[in-house]
Structure formats: C-alpha cells, structure tokens
Amino acid sequence: MAVCIAVIAKENYPLYIRSVPTQNELKFHYTVHTSLDVVEEKISAVGKSLGDQRELYLGLLYPTEDYKMFRKLHNSFTDVMCNPFHNPGDPIQSKAFDGIVSGMMVQTG
Amino acid sequence: WKALRRPLSTVKQVYSFKEKHHGDLQGAGDQSLFTSLYTSLAQQLPREPMEWRRTYGRAPKMIHLEANFVQFKEELLPKEGNKALLTFPFLHIYWTDCCDTEVYKSLVKEDMLRWQNSLRAHGSADWVIIVVETNDNKKKNKTNILPRSSIVDKIRSDFCNKQNDRCVVLSDPLKDSSRSQESWNSLLLKLRTLLLMSFTKNLGRFEDDMRTLREKRTQPGWSFCEYFMVQEELAFVFEMLQQFEDALVQYDELDALFTQYVLNFGAGGNFGWSGLLLRRPIDMEKRDGIQRGEASLLDLRSYLFSRQCTLLIFLQRPWEVTQRALELLHNCVQELRLLEVSVLEGALDCWVFLSCLEVLHRIEGCCDQAQLAANCSHTVGLWAYATDKLKSLGELCGLVSEKEPTSEDLNRTVDLLAGLGDERPETVNSLQSPYKKLKEALSSVEAFERHYLELSHAAMEMYRAIGRLRSARLVGKSLAEFYMRKADPERAETFLQEALKSYVSEGWSLPVTHTRKQIAACQKLLGRTEDYLQTSALLAGDVNLTTEERKHFCQEILTFAGKSGDQSQKVTLSMGVFTQLTRLQFRPATASVHSGAVLQVELTLRCLMPVSVHIQQLAASIHFDLERGGTNGRSKGTQRQTNPGTVEFHQSNSSAGPPSSSAAGPPLELDEIQDRSPSDNSLNSTGVVCKNTHLVMRRHDSHSPPDTPNCVSPPAVAMKEGAQMLKVQDVTLEPGNNSIIFTAPSGQPGTYTLRQLYATVGQVQFVLPHIYPSVQYEVYSQEPQLTVEPLSEPLLAGLPQMVKFTLLTGHYTVKKGDALQLSNTDTMPILPSSSCTARISNPAAELVGESVLSIQSSEKVTSISLPPTPPYHTLEFHLEVLCLIPSGDERPANERLTNGEVRHRPRSYSHPDTPMTAIDQRMSIDCPWSIYSTLLALTFYIPFKTKHSLLSAGNRKYIQVCVQNVSDVNFTLAEVKLTEKQHATLELQSLNTKTQQLLCSKHSVFCLWEVRWKDDLPSCLQCVFSADFSPLNQDISAFKPFHYQFQFERVTTLYSVRADILPPAGEQHCRSGLLCGLEVCITRLTEPAEGELAEDSKTDTDGLKTTKLMYEVADSSSNWAVCGKSSGMVSMPMAASATHKVQIEVMPLFAGHLPFPKIKVLKYLPHTAAVAIQPDPDSCVENDSLSLLDKALDDQGDTASIRSRGSVHSVGSGDQQQKGVAMPRLEPFSPGQVFNHSYTQQVLVLPATDDHIMEVNAT
C-alpha cells in the first residue's frame, strides 16, 4: 500500500505531494526530499548509459525501516501534462490525478 | 577392499566439521593396500574437471570432484528417508589385490557377496570393484599363478552382471611406468564418471524430495526449521562444489520463503538482541537452534544473513552485503512489528545498531581503505542507520540532555545491556567491537556524545563525498536537534540554516516551516533578537502552521514592539514577511496632476499576520526629481503612456513557492526612448531601453531566491530618508487585504518616485527596501495657453467661418473683468454675434460651467470679456470670422497695428495638399496674463481660381474671364460684372446670358465681354471682375462679393498677317511633292502710338520711320518642307496700311487638307535700342517688398489672382539686364497686337500621282 505519493519537478520542488492522512506528513516530506539524492544519482547514471533511457522506473529510492520508496505513477502524470490548461511547472491540481493517487494509496502499491 | 566414497570440496579444510564425516575404508584383506594408494588417489581425483550435466535445463558446469574416503560400515549406509546429503555415500568401492584363485574363492568372494548384499539391502547400486595387480604379487606367487584375467573374469562373472565396467583393474600402481600411469588414468576417469553419475542421481532425488517437502508447507505440522535444514544441506553441497552462486540461491530461496512464512503465519518468541554475528563461516550455535526448532525470528534471520554474507564474500561481492544488510535490518524491524512481538523498548535499536556495525566491520575486514573510500555509497546507509539508532537509544536512556540520566533511565540501560548477553568469544579481544562500542556509548552522557558525534560526522562526510547533500543535511539536522537538546544552540544553528537553505531553494514548504521553527527556537536561545523577530514574522505568516502557532509568533513580535526602550533597541525587519504590497493605485489614474492639486495613492497591502496589527505609522519615502522639461508638463504627460494608474506587484504567495520563476528570471521591462534635438524638437534617434537591467543581468548563480520571505537571514535593510514622505498614522492592518489611502504631496512641479515603504510597530519597523516596479507620479505647472483652430476644415475665405478659441488657464486664475483684446484687421473682420457662449471644463474634461460672453468691438480692437475661470481649467468659445478674398494686385500701404507691430498683409500661396490657394491670417491678441501679444494664425483657402484672357478678331477685342471652383463646395454665382476703371468711354458689352449660375465643385464658368470703343482703343485696360457667390441653396443674403482685378496692355492690333498658298503654275491645286508658293502679306493697321515711336523705331535717313519685323515660317507638324529661307527681316514703315509681302517656296509632303504653315512675326530690336530700356520700376518695388519665399511662389505661373498683369517684359530683357551686353534681340508681340487671318486655314493638296493606292494617315 502506498502511503505517500509525490511528483517532483525537475528543479526538485514538489509538484504534488500527498500522504495518507494518518501518518506524519512532515516526515514524508523530509523523506521524499532526501530521496531526491538517489533520484539524481540514478538519473545521471541513466544519462550516461545511453541504452537505458527508456527505463522510467528507478527502483528502490530510499529505504527506511518504515517504508520503501519507489517511482511509479508515470502514466497518470503524462495525462496531467497533456492537459492544455496545465502550465508545466505549476503544482498539480487535477482531480483525476488525485483520484488515481487515492486509488494507489488504498490498493497494494 | 571396499570403500565408501563421497565427494568433498576443498572447502573442507575451512569447515572442519565436514571432516568428521565417517568414512569406511575397510580392508578385509590388506588395509595397507588402500592406505598406500590413498594419497595419490585423493590428490589426483580432483585434478581433472568433469562436465556436469544437470537436470531441469540448468546449464552444464565443469566441476572438480574431490572425494573423502571412508571405511565401509554397514550402519553407515543411509536408511530410508535419509535427508542428509553431506554424509551420503555416493560410491562404494571394493579394493582387492587378490591374485590367487583359491584365496578368492574361499575368502574374497564371500566378503564381496556380503558387501553386495548389504548394499542391495539399502538400495544402493553405486559400486565398483577394483582389482590391484602388482608384479610383486606375481612374483611372489609364481607357482600358483593364474592368468590375471581369470580372477577379474571370475569377479565379473560373479558380480558384474552385464556391467563389466563395474570391475576395474589397476596395474602396478606404485611403479613409475607408463603402463601403471595409463592404468591409473583409466581408473581415475572411471571413478570420476561413476561418482558423478551417482552424485547427479542422488542430488536429483534429493532435490525432488526437497521440493515435495516444500509443497507441503501449507499443511499443519510443517516445520520451517526442518525444511531449512534440508535446503541448507543442498546449499552446503553447492558450496563444497564451489558453486557459491547456487549455494546463495538456496539461501535466498529460504529467505524469501521465510519472509512469506512470517507474513502468512508468524513466528516469534523470545530473543536476545546481540546483533548479527558474521565472524564465523557457519554459526553452529544458531544452526543447532534452528535444527532444534528453537530459533527466534532474529536468530533465523541472523543465521540466514551470516550464511549469505559468507557466500557473497566468497563471490567477492562485499557491496551487496551492505545493501542486503540494510534491507534485512529494515525487514526484520518490519516483521517484528507485523508479528506484534513484544520487545523491550530499545532492544530492536540495539540489535540494529550492533548489526550495522558488525556488517561494517566485516566489510572493513575484507577490503582495503581505498576500496572502502571508493564505495562509501554502499556503506553510508548503514552508517546513517547506526547513527539514527544510537540517537534514539541515547534519547531513550536519557543521555541526550544537559542533565545526567535519571534512575529510571539507568534501569532501562541496564535492562538493554542485559539483553545483549555476554560478548562473543570472537570479539572479546578486539578493542573496537560493536558490542564494546554500544556498551560504552550507553555508559555515560559524555561517552554517548563522543560516539554519536563520531558516527554522525562519519555519515555526513560520506554523504557529502558521494554528493548526497540532502541526506547529509538531514543527518546534520538530526545532529542539530541533538545539540538543541544539549542546550547548545550555537552549534545547532549552522546545521539548521544549511538545511533550511536547501529546502527553501527547492521549494519544500513543510520542511521549510518545520526547520524554521527550530531555527526560531535556536535564535531565541541565542538571544539574536533581530533574527528571531524576522523568523517569527516569517512563521507568523506561514500557512503551514496552525493559527495558534502563528498567533504565538505574531505575539512574540508584538510583545517586543510593545516594550518601551531606547532608540538603539529599534529593530528593522523586512516588510515582505509581514505584509505584501500587492497593488498601488493613483487617483486620478493619470498619476499626473498640476501643482497643488490633490493626488491620492491607494495601497493594497496583504497582511500576512494571523491577527490584526496596529501600526503607528505607515510611510513611503519619495524621491523628488525636478522636471527637466520645464513647465509644460501636460504635453510630457501625454507622452508617458506607460503609466496606467494602477501598478500590480507580483509576488509568489506561498512562503516556499516553486522557485521556477527564478529560473526564468524577471521579465524585461522595456521602454521607448527618443532623443530629440533641443532646438527644433526634431527626432535625432530613437531606441528601446531596458529599465530593469540590474535585475535581468544579475548573475544567476549568486542570487537569492526570488521571494524575500524565503531568505534564510533577513535582508540588510537600509533606510533612505527622503525629504518628502507619504504618511498615514495609526492604521490597523487586518489579516488579508487592506486598503490604505495616502494623499501625495504635489507642491513643486517635478517627478516623484516612491522608493521605500515603512511600517512602524512600536520598536519594530518593517521596511520594504525597494518598491518595484518603480512607481512615479508627476506634478506639473503650466502657463496659460490660447489656441485658435477651425471648427471645421478647411476654412474658406470669403465666407463667414466659425473658429474655436481654447484657453487652457494653467496656473493663471481668470478673474472677473479679464478680457482678450483682438486687434481688428480689415482682411478678417470678426463678425458680431448675439449669443456667444463660453464653456468651462475641468482637467478631467468635465463641463463645469457655461456663460455668455460679451464681445465689444471698437474701431481697432475687439474685446472679449472672459468669465472667471479657476486654474487648470479649459475655456472654450466660438467666434465667426470672415476672411476677405484679396481681389488682385491692390497694393495697400504698410500699416501699423494698434500694438505697434507691423501689420503683415496676408499673403496667398498655393498649398501642397489642396488645389486651393491658402491665406495665412494672423491675429494679434493681448491677454491679461502677459504683457506680450499672442500671435495666432489661421489658414483660409480661396475657393476660386480665376483666369483672364484677351481675344481678338481683326480689330475687335473680347475679354474672357474663367472662374474655376477648386473647393469641395458647390456655389451659386450671380451678378457677374466686368468694369474698366480708367476709360469711361469704353463699353464692355456682356455676352453672358444667365444672371445666376451654378458653379459646382471642380468645375469652371467662362464669362465673355466684347470691348467697344468710340475713338481710340486705349492701349492699356484695367479691369475688375466682380461676382456674388454663396454656397448652393442659401438665400440671397448669404451672397458674398468676389472681386478679381487684372489689366491688359497693348491691346490694339498693330499688324495683320495674311498668308496664301499658290499652286504651282498650271495647276489648279497643290500637289504633294511639288513646290508651291507661300505668299505672306503683313499689313500695318494703325498709326504709330506715342510709346511705340519712342520704344522701338528708328528714323531712316530719308526721314521715313520704319520698324523692323522678323517673320518666321515654321511647320511644327512636318506637313510642309520650307525651301530656301524660312525666316527673314522686314523693314516696315510705321504708317497705317503699310504692307509688305513675302514669297516663300514650300512643298507639301502629304496629300489632303493641310493646315497652313505657322507664321510668326516678332519685333526685331537692334542693339542700340537696348539702352533705352529701363528696368520696370514696378517690379523693383515689388522685389523689395517680397521675401525670397514669396518670390518663389510668385514664379508659379498659375497665380493669376493677385499679380496677373499683362506681360510687359520682353523675352530677352532679363538676359540683357543681367549681362549688360548690347545685342540685337527679338521680342514677341503682346497677344492681340498681331492678328493672323490665315490662322487655322487649310489648303487642299492632291496626291503627286493618281495612284490607286491611297495612303491613310491616322494619327
């Protein structure tokens, strides 16, 4: 079950971040932010080996004893970006995206 | 000899326990035989690799088989259901060197039978019999010798039922001969083959059994530990075969199975937390526990991991160990939580801490320092985890505080340490064991601090080294929290600031808020009032906090502000965190007022505080610029179109918004600049200027985040005291938008720029250091301005026209009794009107008053009394004026106006935009605000263009006047009249029939008069053409007069010219190509007049007065060829009826009715006559009074209205005067002086021959 879902802009600020309300939101923010270290590392590694550029899944980003973090959710994000009224770089405020995220949080993620 | 054989790997030396596997090396006969062969056999067997083909499609592998030889005992044979693979006898060997048939029969065969039977009883079919032959034996038993083969044959026939390969012969094994070597090799090959066969078979069976067992895992009573032992057996086998990969797979499968098992069923129990133990290859203690089914979850995990670790290190993958270790630790913590195992608080932390360090130690043990440094990305996770755990242990045990731990804390520590048990024997002697570290760290506050700092710094440094700065900062933040607990805010601050900077720059609002809160606490402890207040202001406006928290921070500021203190205690804070300027609005919106007028500035401030804040003073400083352009601010104001009256200030609204805007940089603010010449205001150059270069061009790497509220430290605020301020006292700012209205100073004309904004709350002052984009307003002062413009374009001369007077009062107040004095002119009288209304409007162009003007006219002056008008208002009224059309060459005397200025006659000129002739009419007005007269000009246009011409018919004369309407208006023309001024006897008989005539736009009317005279026709006629005109469809009173003066000179016909064409002799008609005669007859019609005699005659020697004429035959249309002389001189007697005939030969070139060749007659003036010619005095005067410009205009020939006189100048006179050289010259006669009878006459010319072809010439 996913407990926190975040979409991060390429400048590393959060476009969207939502967590299960019962949990400590602040802790998730810290954790997600710190996991960007690994994301950066992996992305730059992908850049170097030209073969893997299609690999969108980055794997385990930042293990903690409480949660495991992965990168997922790409399709829905693509939909949001295809919205002509969405200004890339703005925080995401799409209801559909929200719904999908809620779904991911409930079902096994 | 029989032997039990099983493969063993080289690893057996490491794993001593395997050597205890019982073997059976039983020598029924001669044990020394096997003993002598054992060494070389054990050595040589693994020397050659064998290909191992495997089941289930697994890839074949080359393996080296190594065997352990054990003496055969029947009880060692595996029983049914045996699961031990390690102790499994794979091949049974019977050794014999018997060469005596008798011995064989009596002893050996029986032994072999027993052996075979016991094998069969245990279902083992993997055996071989080896017969050893030596020459010694042969020699020894020479007498009983039997063919060697016979023994072998016997054995084969007795035992090897069709399996001959089960009996092998080894010859002379101890001899060094080729034969013995060969024999050895074949034996070894055989043994390897059989061994591998058996091994594969049994391993396959084992694996099948294992799978079957695994499939039963859902059945009740299934024991994971039991299964664990089985699969581990397989792992051991692979390990022995040096197939570490396969061995690791077994453990991984077990790991996965266990995880699933835990999730599905749960397992638990009491356990200690002594951590992982990785120093032994196999932790037999734990293994035995598992075997007994008594292992706890942590035990099982620990054992599993230690095995995996061992294998991974064999595989030289130490970094996978660290990664797996971290996963394992996380997993275990999760599993224990999932299983709801009750654990002593802190026990897990101990376990994790110890385990982390143990793994790190293990890795350090097998890698050198350089490798470790290069791979700290793999170990840093464990370091950080250990740090984390140690910190929570410290907190638990009361070690993270200023004070010593309480007794309760100490009790807890004792409990935890007890759970660790005794230190393991492996590490007892090591100084740096994890166990010792933990014990020491928990022993005292100081020791804890030392260990914790050591770990933290190690983790941070590693993170930094691999570029994981965020992780490093998070560790740093944790360290800061530790320092705060230890009441050491000074050291905490650096870490917190660093972390905050990172969150701010990447726009993570929640961490920003949280960290900022920590910084606030830190700054409060440090007593940094200003920083603390700044941070408090930020937090008070932070929407991530609860209202209560925000109120608290707001109250902190207000409390400080309320303190009465001296001036030095004043604190200046950035305004952005307190309230944001969102909008500024000018009233009036033009932001441009005249001096003294009211200009209001409305600020919209968004207060970010959670409660309403009372502000003692809100002020904006102003920078004043004296206006360069002087006083005419209004015109400048209109140029500044950029000022919309409202300025919006864009700010990112959240305290930690996306920093995307910073990437793009501020938008360019461009303005147009024009460089005008100071003298005539003409444009020199123009361009575009960027107003905010300092922001756009700023280095991007060094700039702070775009919105000031995010600044980690408050920006340095410099207060610039302006001379003038916008001020409001005692304002209360409510949360959200507030509107504050200032009244701006507008005393002095100039530009006022708003610079800074201050809000004073007690001891605290909030400052907005730059109001950006810059905001300006203008105050201007203006001189009164009077303008006159046509109410409708164009103004037509000759008709009453309305003109609009506009008075911009500027700074002048029109008082009662003030009047405009217009100097009257003859050419443009002001028409009196009964009701003339003046309209007064304010600067916003709203009508504020109307009043009737009183206009009084005297002879020289028209006085217009103005109604009282306030400054900067507009006064407008209309007057009707009439511009008289100048009638011609009337020359008025220079006049002086009432004000002493030279009156300029309005002059007409042709205007490039219109065919109408324009007249500039100037007005001189005396205004009450100035001692100087105001000169204004109006341009009128003459609607008509008039031409005159003299027509002759023999002696009779006609005058034609053409009036062309060049305006866009249709007129009615009436009362057309022509009069001659000087000669009363002269009669001008009108040939015009209509009294009124329509004169449409762009059309012309021609009028004709015949000149009749009684005695003599005067040589000079001065005529005045007059007509009444009015726009079409207006009543009779609207008719206005129109006059046109002109004069003719030398109108009398002097000569008549008559030409005749005579056909060639004998012909009736002229023929083309044939010469014919042209007879020109010039006849003098009148007696010479006075002037003529003086002018151009001379007296012949015989006393007869003659004049010289020149004739010229010219045919411009190439119809005629003149043969011989085409021109000639004629001396003409100056008497009436004097005639001169000239004969000229001409030849028609075409047939048809050809017009006569043109005959020109010119005056011929001999050079002596030149001195008599004086410059025309008239023109001299004219030239004096004309400016160059006017002359140029006069030169244009169509200006007939004013100065059209009969042309008096001879063609060459100009030249002569200028050159001063006396030359004979020709002068044309005035029109009418020579009458040509044969003008336009034609003559019939026949073709040269009577051709049938007619040439038609159509042109």
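Values in this text are rule-based calculations from the coordinates and carry no lab data. All figures in this text were calculated on a predicted structure; none of them were measured in a lab. Heads up, the Cβs are rebuilt from the backbone with ideal geometry, glycines too, and the neighbour counts pull from every protein chain shown.
Listed values, structure above:
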quantity	calculated
Too-long pairs where the Cα-Cα distance tops 21 Å, listed order kept, from B:K477/B:K570; B:K1105/B:K1141; B:K109/B:K175	B:K477/B:K570; B:K109/B:K175
Trypsin sites (Lys or Arg not before Pro) restricted to DSSP loop in the stretch B:529-609 with at most 14 other C-beta within 10 Å	B:K563, B:K570
Cβ-defined net charge surrounding B:L357, 11 Å radius [Lys, Arg +1; Asp, Glu -1]	+2
Student exercise, the stretch B:752-837 dipole from Lys, Arg, Asp, Glu Cβ charges, in Debye to nearest 20	360
Cβ-derived FRET efficiency at R0 30 Å, B:K570 paired with A:D98, nearest 0.05	0.05
In nm, spacing of pseudo-spin labels at B:L791 and B:E1067 (7 Å Cα→C-beta vector)	7.6
Residue exposure sequence - B:R473, B:R156 - by fewest surrounding Cβ within 10 Å	B:R156, B:R473
Set B:K945/B:K977; B:K389/B:K439; A:K10/B:K691 screened for pairs whose C-alpha atoms are more than 23 Å apart	A:K10/B:K691
Sequence of B:T1086, B:T494 once ranked by neighbouring C-beta atoms within 10 Å, starting from the fewest	B:T494, B:T1086
Cα lying deepest toward the dipole's positive end in the stretch B:375-426, options B:V414, B:S392, B:C376, charges on Cβ	B:C376
Local electrostatic count, B:K1141, Cβ distance below 12 Å [Lys/Arg +1, Asp/Glu -1]	-1
Label-point separation, B:E1079 to B:W319 (7 Å along Cα→Cβ), nm	13.5
Estimated inter-spin distance, B:R217 and B:K1014, nm [label 7 Å along Cα→Cβ]	15.5
Gain on full stretching of the segment that runs from B:H1237 to B:E440 - 0.36 nm per residue minus C-alpha separation	272.1 nm
Residue order, fewest to most surrounding Cβ atoms within 10 angstrom, among B:E987, B:E402, B:E232	B:E402, B:E987, B:E232
The stretch B:459-543 pair-distance distribution - Cα-Cα, 5 Å bins, rounded %	3, 16, 24, 24, 18, 9, 4, 1
Nearest-20 debye value, the stretch B:342-435 charge dipole, Cβ charges on Lys, Arg, Asp, Glu	220
